[in-house]
Amino acid sequence: MRTGVDTYERLAVLELLERNTNRRWTVGELSERLKLNTQLIEDALSALQALGLVSFVPGHGSLYSPADPG
């Protein structure tokens, strides 16, 4: 099954957000925690948001938020 979570960066971001479902993360916080370049984090978040796995609220950060399958 193809999910679109096909890079290390996407998987790392998704895993961290999923383990911390009640916390919003900024790009800077994710970059620091995962030791990844901010551009890689931004690209991963954009892809994950397009897949319906992550929500992003400007000024408030990113949050694991899978789309309702029903």
Subject >> residue 12 being in a helix (DSSP H, G or I), modelled with pLDDT of 95 or more, crowded, with 18+ Cβ neighbours inside 10 Å and not polar (S, T, N, Q) >> reply: yes
**OP:** Could you list all residues from the range 27-51 that are closer than 15 Å to residue 65 by Cα and over 10 Å from the mean Cα position of the chain (by Cα)?
**Re:** 50, 51
**OP:** Considering each residue of the range 15-35, count those that are under 18 Å from residue 52 (Cβ atoms) and part of a loop (DSSP other than H, G, I, E, B), and give that number.
**Re:** 2
Original post:
Among the residues of the range 18-64, which ones are surrounded by fewer than 18 Cβ atoms within 10 Å (Cβ to Cβ) and within 16 Å of residue 3 (Cβ to Cβ)?
Top reply: 18, 46, 49, 50, 51, 52
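The values are calculated or read from the model by the stated rules, or taken from the named source; none is laboratory data. Computed from a predicted structure; not experimentally measured. Here the Cβ is made from the backbone with ideal geometry for all residues, glycine too, and neighbour counts use every protein chain on show.
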